[in-house]
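Okay, so here's the structure we're looking at.
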Amino acid sequence: MQIFSLREFAPPGDVTALRDEVRALIAAHEHRWAPEQRANPWFSFDPEFSRALGDAGFLGMTWPKQYGGHERHALERYVVIEELLANGAPSGLHWIADRQTGPLLVKYGTERIKAKYLPGMAAGEIYACIGLSEPNSGSDLASVRTFAEKTAEGWRVNGQKVWTSGAHKSHAALTLLRTEAGSERQAGLSQLMIDLDLPGVTIRPIIDMTGQHHFNEIFFEDVLVPLDALVGEEGRGWAQVTAELALERSGPERYLSSHMLLEALIDHAGPSPAPALAELIGRLTAEMWTLRQMSLATAAKLAAGEDPMVEAAIVKDLGNAYEQAMPRLVQAVVEDVDFADDTRLARLLKFILVQSPSYSLRGGTPEVLRGIIARGLGLR
Ligand SMILES: Cc1cc2nc3c(=O)[nH]c(=O)nc-3n(C[C@H](O)[C@H](O)[C@H](O)COP(=O)(O)OP(=O)(O)OC[C@H]3O[C@@H](n4cnc5c(N)ncnc54)[C@H](O)[C@@H]3O)c2cc1C
């Protein structure tokens, strides 16, 4: 039976100096950031900060230098990401390009596509989004219906995507489409990099429960996309997307979404907290540390070229449970918090209570993750 084995997390170079460098960059920009912006930092936006990260060489860290990357180690990148999230640095604009779309283009993109997007992504100036979900195919991506017909002029795209984070801020969407007429389920799917300013593309906002606009619907009506915007092989979209999802599941973003609240709680508790408060802080810290070891070990396996799909699903499921439980546990123990107050703790608690239900939806629901884990354990 498969077990969760730990692998040593050993980035090259001086990790302490690297952490200090990222912290100094954050310190130079953090005066602009409200508490709510610092909570859930990979969904909040600051273009100036994204550009500063690009200038400092902290985006596209592992990509080839010829495309604006820095050819650094994947675990050095992990250290940078951990610092950004643990310090609540708004990273939403460059997040998808740096984490997912850029690496996919490096691996599968045509030369024209690589040259067109990667240097700008590494500079923190070109942003991307992910077009997977559709109105009738959310978790069940194999039922994707948006269609791209191959014509002499290019791919002609028709259909609709939904829940697309950051589409209204993005330059392009890496989109999963059906490219083979009459194909069903996992067969006949491909990925296209679609510029969002093309004629026939309409982006409509969806406002979330916190009142923020980060979700969108994207409509494609006879959108003509160049043939070489195909990313990877025609018909291999399913395998590419599932590999991509495995990569996005085990990072520190899966247990640090509520981290600003833990920090505010520790500040609120002061040097001699009541026993229940001390116990909660101890419990949350111990859980966070355990999740961190699991996430680090999974990152080390990915960096070693292994395929820890089950471990990644476990990290995401346990991490989401932890970060979702935190606001309710804090609310139960801190009795004097008044949501009308302007304190950091009150503002963060109010915001994260409303925001946290989404943590376990994005990137795979618990049911879907547990299905993957069960298969890995040989139970289905
Ligand atoms: C904050 C956030 C950001 C997102 N960003 C993006 C984005 O940028 N791009 C994008 O494409 N999508 C994005 N999504 C969409 C998300 O990843 C899911 O695909 C989508 O929310 C689920 O689709 P649905 O609403 O149709 O629910 P469904 O897929 O219909 O799920 C409904 C319920 O059925 C369960 N279920 C579904 N399939 C199975 C199964 N096989 N076995 C057991 N149970 C199952 C689910 O767990 C869930 O409880 C985002 C979602 C959130 C919350």
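Here the range 276-295 is the region considered, the condition is being touching a residue at least 12 places away in the same chain (Cβ under 8 Å) and over 19 Å from A264 (Cβ atoms), and the residue that is most open to solvent (accessible area, probe 1.4 Å) is Q293.
Taking only the range 344-371 into account, find how many residues are more than 10 Å from the ligand (Cβ to nearest atom) and not aromatic (F, W, Y).
The number of residues fulfilling the criteria is 11.
Quick one: count up the residues across the range 48-71 that are in a helix (DSSP H, G or I), within 28 Å of E111 (Cβ to Cβ) and in contact with a helix residue (DSSP H, G or I) (Cβ under 8 Å, 6 or more places away or on another chain).
Applying the first criterion (in a helix (DSSP H, G or I)) to the range 48-71 yields 48-55, 65-67.
Add one more test, that the residue is within 28 Å of E111 (Cβ to Cβ), and what stays is 50-51, 53-55, 65-67.
Still in the running and in contact with a helix residue (DSSP H, G or I) (Cβ under 8 Å, 6 or more places away or on another chain): 50, 53-54, 67.
Residues that pass the stated criteria total 4.
Count of the range 72-116 residues, restricted to those that are outside any helix (DSSP H, G or I), open to solvent by 20 Å² or more (accessible area, probe 1.4 Å) and under 18 Å from F49 (Cβ atoms), is 1.
Of all the residues in the range 302-356, those that are at pLDDT below 95, of a type in the set (D, E, K, R) and within 25 Å of the chain's Cα centre (by Cα) number 3.
Looking at the range 1-24 only, could you name the residues that are among the aliphatic types (A, V, I, L, M) and either open to solvent by less than 70 Å² (accessible area, probe 1.4 Å) or farther than 22 Å from M294 by Cβ (or both)? Listed by number, the residues that qualify are A10, V15, A17, L18, V22, A24. Among the conditions (1) among the hydroxyl-bearing types (S, T, Y); (2) in a loop (DSSP other than H, G, I, E, B); (3) more than 16 Å from the ligand (Cβ to nearest atom), the only one that T298 does not satisfy is (2). Here is the figure for the range 117-131: residues that are open to solvent by 20 Å² or more (accessible area, probe 1.4 Å) and within 18 Å of F220 (Cα to Cα) total 1.
Cβ-Cβ contacts under 6 Å between residues 6 or more apart (or on different chains), taken from a first residue in the range 160-173 that is within 19 Å of S50 (Cβ to Cβ) to a second residue that is within 7 Å of the ligand (Cβ to nearest atom), are listed as T164/C129; T164/G131; G166/C129; A167/C129; S170/C129; A173/C129; A173/G131. Checking each residue in the range 322-333 for being open to solvent by less than 10 Å² (accessible area, probe 1.4 Å) and over 16 Å from T290 (Cβ atoms) picks out P327, V330.
The residue pairs whose first member lies in the range 208-230 and is in contact (Cβ under 8 Å) with a residue 40 or more places away in the chain and under 15 Å from L198 (Cβ atoms), whose second member is of a type in the set (V, I, T) and within 11 Å of the ligand (Cβ to nearest atom), and whose beta carbons are closer than 6 Å, counting only pairs six or more residues apart or on different chains, are I218/T164.
Scoring E83 on the criteria (1) under 19 Å from T179 (Cβ atoms); (2) more than 16 Å from the ligand (Cβ to nearest atom); (3) in contact (Cβ under 8 Å) with a residue 60 or more places away in the chain leaves a single failure, condition (1). Residues of the range 233-270 that are open to solvent by less than 10 Å² (accessible area, probe 1.4 Å), touching a Ser or Thr at 6+ places or on another chain (Cβ under 8 Å) and among the charged types (D, E, K, R): R254 alone. Take the residues of the range 214-232 that are in contact with a helix residue (DSSP H, G or I) (Cβ under 7 Å, 6 or more places away or on another chain) and assigned to a strand (DSSP E or B): which is most open to solvent (accessible area, probe 1.4 Å)? Taking the candidates together, the pick is H214.
Test D98 against the criterion of being modelled with pLDDT of 95 or more, in contact with a helix residue (DSSP H, G or I) (Cβ under 9 Å, 6 or more places away or on another chain) and within 16 Å of the ligand (Cβ to nearest atom), and give yes or no.
Details: modelled with pLDDT of 95 or more: yes; in contact with a helix residue (DSSP H, G or I) (Cβ under 9 Å, 6 or more places away or on another chain): yes; within 16 Å of the ligand (Cβ to nearest atom): yes.
Against the criterion (modelled with pLDDT of 95 or more, in contact with a helix residue (DSSP H, G or I) (Cβ under 9 Å, 6 or more places away or on another chain) and within 16 Å of the ligand (Cβ to nearest atom)), D98 qualifies.
Inspection of the range 143-150 finds a residue satisfying the criterion of being more than 27 Å from G120 (Cα to Cα), in a loop (DSSP other than H, G, I, E, B) and open to solvent by 10 Å² or more (accessible area, probe 1.4 Å). The residues on offer are L296, L291, and the sole one that is within 15 Å of E8 (Cα to Cα) and in contact with a helix residue (DSSP H, G or I) (Cβ under 7 Å, 6 or more places away or on another chain) is L291.
The values are calculated or read from the model by the stated rules, or taken from the named source; none is laboratory data. Remember, predicted model here, so these are calculated numbers, not experimental data. So basically every Cβ, Gly included, is an ideal-geometry build from the backbone, and we count neighbours across all protein chains shown. Heavy atoms of the whole protein, side chains included, go into the accessibility calculation; ligands, DNA and RNA do not. Shrake-Rupley method; radii C 1.70, N 1.55, O 1.52, S 1.80 Å.
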